[in-house]
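**Q** Sending over a structure as structure tokens; questions will come in a sec.
Just so it is clear, none of the values below were taken in a lab; they were calculated from the coordinates. Given the structure is predicted, the values throughout are model-derived calculations rather than measurements. Cβ: placed from backbone, ideal geometry, glycine included. Neighbour counts: every protein chain shown.
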Amino acid sequence: DVRDPRDMKVLSFVPCNPGTRCGYIRVDRAKKLLIIGHDDSPRDNPVKPPAGEKSKPGWSFHDVSDPRNPKFLSFVPAIPGGKTHGMEIDGRYLYGCGTFEPSMTREGLQIID
């Protein structure tokens, strides 16, 4: 809450998936939708996945209509060990680069409705 810059308060916290970093975050203010890109990056996140599990890179979607209580809506996964890189939103679609097919040697554009 930044209404009073001398007394700012954290309302809530949405963490990255264990073993990922969240370098790309967007909010659709009209739809009250938070979108986070989770990029496989075990060295950048001290929170590790449980033993024997891999990190979960991809895109997560959260309802932030109540900023004190964000609600997880959905997750679109990348491949295990995959990347997400860059994103834009336009009120209807997410345009994000990532590795979403095992045959991909580089990131590609994914459009998510």
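**Q** Being more than 19 Å from Asp1 (Cα to Cα) and either without any contact (Cβ under 8 Å) to a residue 24 or more places away in the chain or touching an Asp or Glu at 6+ places or on another chain (Cβ under 6 Å) (or both): is that true of Gly52 here? Write out each step before concluding.
**A** Working: more than 19 Å from Asp1 (Cα to Cα): yes; either without any contact (Cβ under 8 Å) to a residue 24 or more places away in the chain or touching an Asp or Glu at 6+ places or on another chain (Cβ under 6 Å) (or both): yes.
Here the answer is yes, as Gly52 does meet what is asked.
**Q** Which numbered condition in (1) more than 30 Å from Asp1 (Cα to Cα); (2) in contact (Cβ under 8 Å) with a residue 40 or more places away in the chain is the only one that Met87 fails?
**A** All conditions pass for Met87, except number (1).
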